[in-house]
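Take a look at the structure below.
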Amino acid sequence: MPENKHWALLKPSENTVAGLNLGKIMGFQWTPSFRPVEVVLNGDYIGLYFLTETIRIDENRVNIYEQQNQETDRNLIKGGWLVEVDNYRDECQITIPENNRWNLTLRYHSPDDLSDAQLKWLTGEFKAINSAIYSSDKTSAGWEEYIDVESMARFFILHEVMDNPDGFHGSFYLHKDLAENAKWVAGPIWDLVCYNREKTDYTFRMKVHYGFTPHWIGEIIQYDSFCQAVKSVWEEIYPEKISEIYDRIDDTVLPLADAWENDCERWNENPEQTASLRANRIKTALRRNIEWFDGHLPVSKFASLTTPPAYDAPVPVAVYNLQGIMIGKYHDEAEAISSLGKGLYIINRRKIKIE
């Protein structure tokens with residue numbers, strides 16, 4: 001890992017191994033690297049940790065222009081930002097209403113000491129982004145003027161594959177460079193978990209044992225441009241590239257067998273949680289999630305309003321429910337998708353979920 005003064009010691013987890021390696025496999029602009037270390041502090045063995053790169057603007061990390069604190073130049077304020085949508089109150093935050101149920105709280109990491117001009121710009125920027133995302137016209141491209149759609153698609157896919165409820169709830173980083181036509185890019189990824197369950201819906205819609213707020217994604221998934229970006233990224237990584245994750249997990253986790261055993265002994269944790277068990281558990285979860293997602297790529301019900309018909313000549317399209325019963329015929333696939341309500345259908349011999 002490149003030299004730096006800023007690191008985090010994270011408690012070891014197969015979730016961290018899987019998530020950070022997925023970020024690298026999937027082509028995020030930058031994903032933190034980590035190294036397993038066993039730590040002795042003042043002569044006391046305190047266990048296994050992951051020495052991990054922290055998220056910050058740096059030529060070897062988030063490599064963008066770094067805006068200065070207390071900047072007042074309007075031309076420099078519009079770029080060089082690293083921010084985090086999060087779920088707790090802290091310093092260096094702004095809060096705006098997201099919808100009539102919850103607020104959007106944004107922590108600014110860099111810069112972290114804002115002039116009045118910076119504070120006004122950042123607040124206005126995210127009010128405008130939020131308004132564009134929540135537009136009642138889901139054929140509008142307004143939100144794309146602010147957000148890099150492909151990066152948001154990668155971010156969404158990773159958290160679906162991980163089945164991480166916190167993906168759009170907390171530790172949701174965004175950054176923006178200072179360049180002509182620069183947009184907000186989703187990432188880097190951080191604080192990753194895998195809920196390890198049978199998926200029946202997109203993660204942001206499934207219940208967990210705690211309350212979480214799925215910022216933006218419920219609106220963004222309705223846009224055809226986002227759904228098309230998800231499809232494009234998925235075709236890029238599935239099945240070959242994403243399957244690299246299984247060897248990466250084994251290569252990282254299995255050599256830690258003794259270290260994990262020592263850690264369990266030090267902290268009086270269950271010794272049956274071996275390195276092999278951990279590796280197999282997360283690989284099983286990922287295989288299950290990947291298979292589910294491949295069969296449930298999002299499709300916007302507004303697609304027919306923004307894309308041309310699927311065929312040059314009218315070809316009747318029969319639509320069936322999952323029990324094999326035909327529920328109607330349509331002029332083409334686009335008409336079928338725009339006419340049907342929410343649910344799972346068989347269209348052109350493909351299972352399609354309509355949001």
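The values are calculated or read from the model by the stated rules, or taken from the named source; none is laboratory data. In this text the structure is predicted, and so the values were computed from the model without any measurement. Backbone-built Cβ (ideal geometry, glycine too); neighbour counts: all protein chains shown.
Do you know which residues across segment 163-186 are closer than 16 Å to T16 by Cβ, in contact with a strand residue (DSSP E or B) (Cβ under 9 Å, 6 or more places away or on another chain) and small (G, A, S)?
Listed by number, the residues that qualify are G170, S171.
Would you tally the residues in segment 241-298 being of a type in the set (S, T, Y), farther than 21 Å from H159 by Cα and not in a helix (DSSP H, G or I)? Let's see the steps before the verdict.
Here is the first cut: in segment 241-298, the residues of a type in the set (S, T, Y) are 243, 246, 252, 274, 276, 284.
Next, from what is left, pick out any that are farther than 21 Å from H159 by Cα: 274, 276.
Restricting the remaining residues to those that are not in a helix (DSSP H, G or I) gives 274.
Residues meeting the conditions: 1.
For segment 90-110, give me each residue that is aromatic (F, W, Y) and either surrounded by fewer than 17 Cβ atoms within 10 Å (Cβ to Cβ) or not assigned by TED's automatic domain parsing to the domain that holds F212 (or both). So that I can check it myself, show each step before the final result.
Narrowing segment 90-110 to residues aromatic (F, W, Y): 102, 108.
If the condition is that a residue be aromatic (F, W, Y) and either surrounded by fewer than 17 Cβ atoms within 10 Å (Cβ to Cβ) or not assigned by TED's automatic domain parsing to the domain that holds F212 (or both), then W102 is the only one that fits.
Before we move on, is V253 of a type outside the set (S, T, N, Q), within 21 Å of T52 (Cα to Cα) and assigned by TED's automatic domain parsing to the domain that holds M26?
It is true that V253 is of a type outside the set (S, T, N, Q), within 21 Å of T52 (Cα to Cα) and assigned by TED's automatic domain parsing to the domain that holds M26.
Residue by residue through segment 183-233, note down the ones that are surrounded by fewer than 16 Cβ atoms within 10 Å (Cβ to Cβ) and closer than 14 Å to R154 by Cα.
K231, S232
With the structure loaded, tell me whether N63 is out of contact with any Asp or Glu (no Cβ under 8 Å at 6 or more places or on another chain), under 30 Å from N21 (Cα atoms), free of Cβ contacts under 8 Å to residues at least 40 places away in the same chain and outside the structural domain of K11 (by TED's automatic domain parsing) or whether it fails that test.
Numbers: out of contact with any Asp or Glu (no Cβ under 8 Å at 6 or more places or on another chain): yes; under 30 Å from N21 (Cα atoms): yes; free of Cβ contacts under 8 Å to residues at least 40 places away in the same chain: yes; outside the structural domain of K11 (by TED's automatic domain parsing): yes.
Against the criterion (out of contact with any Asp or Glu (no Cβ under 8 Å at 6 or more places or on another chain), under 30 Å from N21 (Cα atoms), free of Cβ contacts under 8 Å to residues at least 40 places away in the same chain and outside the structural domain of K11 (by TED's automatic domain parsing)), N63 qualifies.
Taking the stated definitions as given, is Q118 outside the structural domain of D177 (by TED's automatic domain parsing) and either over 24 Å from the mean Cα position of the chain (by Cα) or more than 30 Å from L10 (Cα to Cα) (or both)? Quick ask: steps written out before the conclusion?
Details: outside the structural domain of D177 (by TED's automatic domain parsing): no; either over 24 Å from the mean Cα position of the chain (by Cα) or more than 30 Å from L10 (Cα to Cα) (or both): yes.
So Q118 fails the test.
Is it true that some residue in segment 144-157 is assigned to a helix (DSSP H, G or I) and more than 14 Å from the chain's Cα centre (by Cα)? Working first, answer last.
Just the residues of segment 144-157 that are assigned to a helix (DSSP H, G or I), to begin with: 144-145, 149-157.
With the extra rule that they be more than 14 Å from the chain's Cα centre (by Cα), the set shrinks to 144-145.
Among the residues of segment 144-157, at least one is assigned to a helix (DSSP H, G or I) and more than 14 Å from the chain's Cα centre (by Cα), which makes the answer yes.
Among the numbered criteria (1) of a type in the set (G, A, S); (2) in contact with a strand residue (DSSP E or B) (Cβ under 7 Å, 6 or more places away or on another chain); (3) outside the structural domain of I189 (by TED's automatic domain parsing), which single criterion is violated by G79?
Evaluating G79 over (1) of a type in the set (G, A, S); (2) in contact with a strand residue (DSSP E or B) (Cβ under 7 Å, 6 or more places away or on another chain); (3) outside the structural domain of I189 (by TED's automatic domain parsing) leaves (3) as the failure.
For segment 40-49, state whether one or more residues are loosely packed, with under 15 Cβ neighbours inside 10 Å, in contact (Cβ under 8 Å) with a residue 60 or more places away in the chain and not assigned by TED's automatic domain parsing to the domain that holds C194.
The initial filter retains those residues of segment 40-49 that are loosely packed, with under 15 Cβ neighbours inside 10 Å, namely 40-46.
Right, trim to in contact (Cβ under 8 Å) with a residue 60 or more places away in the chain and you get 45-46.
With not assigned by TED's automatic domain parsing to the domain that holds C194 added as a condition, the list becomes 45-46.
Checking segment 40-49: at least one residue is loosely packed, with under 15 Cβ neighbours inside 10 Å, in contact (Cβ under 8 Å) with a residue 60 or more places away in the chain and not assigned by TED's automatic domain parsing to the domain that holds C194.
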